[in-house]
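Data block below; observations after.
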Amino acid sequence: MKSFKILHTADIHIKVREIDLSFQYISVLEEIEQILIDEKIEIYLIAGDFTHYAASNDIEKKILYNHLSRVLALPSVLELVIMNGNHDLHDTRKVLEATKNSNGLDTFNEFVIRLDPQLSKKLIYLKDQKVYPSKLPNLNWISYSLEGGSSNGNNIDRSLIPTNYSNNISIYHDILKEYVDESKLPVKQEKYEKLSSVEDFHTPLVLAGDIHLNWSCQ
């Protein structure tokens, strides 16, 4: 079975409000793009919180869209997989209603589909909580989308997970119990009991956001 190189990122939190850090964000994203090129990465996955505010301003949107557009144009990247995090979707209930079904990734996805059908074939937007077949053979993304349902991995319909593929990868945006235990993160017991464990996902690999560190769990 062919293997693929995946670059997994999350929690970039583009924010250029109180202090203009646009140069710093652009520099970091350019470093990511260079890694994609140098390492010949075939799948680039962003597991949420690309922006800090759901209602992004023009500068934040431009940084986001320019980066994603450049990535889609790279011949070595065969697939760009994107998911919203909690910051991409809302910071207040008022903003949540205002941005419902029209957040930054919604807009980008619709724009790419209309502008360039060829590039859109490389883009997978994990908007719903379901199985998304990869563009690459024998690979599925199991999406635990905040837009499509609860962030708790226990609440997904397990019957959706294909049984005839060994390469199922869960994509998730929330803190995991194992991380809380290992880092001794102070979390209220009520919150802790609602968190998912790596074992809840029943897939060989879970790629998560919202942890804000390079952390792995065997």
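E110: net charge of surrounding residues, Cβ under 14 Å, Lys/Arg +1, Asp/Glu -1, itself excluded? Intermediate results must be reported in sequence, preceding the final value.
Working: positive: K61, R114, K127; negative: D106, D116.
After counting each charged neighbour, the total is +1.
Tell me, how many Å apart are the Cα centres for the stretch 176-218 and for the stretch 1-52?
The distance from the Cα centre of the stretch 176-218 to that of the stretch 1-52 comes to 22 Å.
Multiply the residue gap between L205 and I26 by 0.36 nm, knock off their C-alpha separation, and tell me the result in nm, one decimal place.
61.5 nm
For K62, give me every one of the lysines with a C-alpha distance below 28 angstrom, ignoring sequence neighbours fewer than eight places off in its own chain.
Those lysines meeting the cut-off are K5, K15, K40, K94, K100, K121, K122, K127, K135.
For the pair D38 and N138, what calculated FRET efficiency results from E = 1/(1 + (r/R0)^6), where r is the Cβ-Cβ distance and R0 = 30 Å, to the nearest 0.05?
Details: r = 26 Å, r/R0 = 0.88.
Efficiency, from the Cβ-Cβ distance: 0.70.
At 1.4 Å probe size, with the rest of the protein present, what percent of the exposed accessible area of the stretch 2-67 is carbon and sulfur atoms?
56
Whose amide H sits under 5 Å from the amide H of K130, counting only residues 5 or more places off or on another chain, with H placed in the peptide plane?
S143, S145
Report, by chain and number, residues whose modeled amide H sits under 5 Å from the one on V81, excluding near sequence neighbours (fewer than 5 apart, same chain).
Under 5 Å from the amide H of V81: Y44, L45, I46, I124.
Excluding S143 itself, calculate the net charge of residues whose Cβ lies under 10 Å from the Cβ of S143, where each Lys or Arg counts +1 and each Asp or Glu counts -1. Before the final figure, lay out each step's value.
Numbers: positive: K127, K130; negative: D128, E147.
Local net charge: 0.
Add +1 for every Lys or Arg and -1 for every Asp or Glu among the other residues with Cβ under 13 Å from the Cβ of L29, and state the total.
Around L29, the surrounding residues sum to -2.
The values are calculated or read from the model by the stated rules, or taken from the named source; none is laboratory data. In this text, all values refer to a predicted model and were calculated from it rather than measured experimentally. Neighbour counts run over all protein chains shown; Cβ positions are idealised from the backbone, glycine included. For accessibility, only protein heavy atoms count, side chains too; no ligands or nucleic acids. Shrake-Rupley method; radii C 1.70, N 1.55, O 1.52, S 1.80 Å.
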